[in-house]
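Here's the structure we're looking at; comments come further down.
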Amino acid sequence: MSDPTTSVTTTTSTPETIIPVGFNSNILKKDNGLMLNYAISSGKELPNTLVFGAKVDDTVLISNYNSLRKVIAPATVESIKYINSQMISKGETKKWYQIPIFTKCVVIAGLALISLILVSLSNNVNELNQSKGLLNSSGIVLLYNLIFICAASLLGVMFYLLKTFGDSIRNYTLVPANAIELNASILIGIISGFVISELFSYAFTSIGNNNVEIHKMTLALLGGFSADAIFSTLQGIVNKFKKLITT
């Protein structure tokens, strides 16, 4: 009878491979199957070194795992498990855009856009009141204009998150940590847009022979969208300031 172990190519077990105490080969088999199914469904090229069969030892399982991990990169076992578990509709009808974290971003982005439009309809929100800023405005006028700025910042950060999460889901790189950080990212984006819109003037700026008017709404949108870059810039300034004090 033929050996039940089917091999694409024969591999030699490396003597350096050490099997840890408490190693569970069943988990490794499931992970290998998960990565293999993902690689096949994604049309990725499989290496010829993979070995399949009923009598593969733990060393071969580890070798298969390392090979498949390179094939599915940048996706990981964790991200594949998480995305598959988050699908609202099971079976063949499941859609990547039905993942709760992405749906939440779509809803928040829609609410931010609606809020921005509704607040902009108020007579209190205009170019003159926007130019006064925090120090020269007060009362209901200031409140409406701050809501307008925060809504624009929120719209900017949601624009960024929708693109980022959409790419992560399509590439199967979304992990649970992304869902945990969602609320913090939204808050940082709002703060970033608010700070940038209040720190910079939106008066006419001369560029060559043309005058370009930079509105606070534009700064708020850019601040929310580029919150990570602004945070890194401010952090760099703080670090340089610390060095000047300590030296």
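Tabulated data for the structure shown
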quantity	calculated
Residues of the stretch 160-200 satisfying the condition of being touching a residue at least 40 places away in the same chain (Cβ under 8 Å) and closer than 19 Å to I147 by Cβ	I186, I188, I190, G193, F194, S197, E198
Conditions (1) at pLDDT 90 or above; (2) of a type in the set (F, W, Y); (3) exposed (fewer than 12 other Cβ atoms within 10 Å of the Cβ): number failed by Y160	(3)
Some residue of the stretch 114-128 being loosely packed, with under 13 Cβ neighbours inside 10 Å, closer than 16 Å to V195 by Cα and modelled with pLDDT under 90	no
L143 being in a helix (DSSP H, G or I) and either under 28 Å from K81 (Cβ atoms) or touching a residue at least 60 places away in the same chain (Cβ under 8 Å) (or both)	no
Failed item in (1) out of contact with any Leu (no Cβ under 9 Å at 6 or more places or on another chain); (2) crowded, with 19+ Cβ neighbours inside 10 Å, with L143 passing the rest	(2)
Pair list, Cβ under 6 Å, 6 or more apart: the stretch 40-52 residue in the same structural domain as N64 (by TED's automatic domain parsing), other residue among the acidic types (D, E) and loosely packed, with under 12 Cβ neighbours inside 10 Å	none
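The values are calculated or read from the model by the stated rules, or taken from the named source; none is laboratory data. In this text the structure is predicted, and so the values were computed from the model without any measurement. Neighbour counts run over all protein chains shown; Cβ positions are idealised from the backbone, glycine included.
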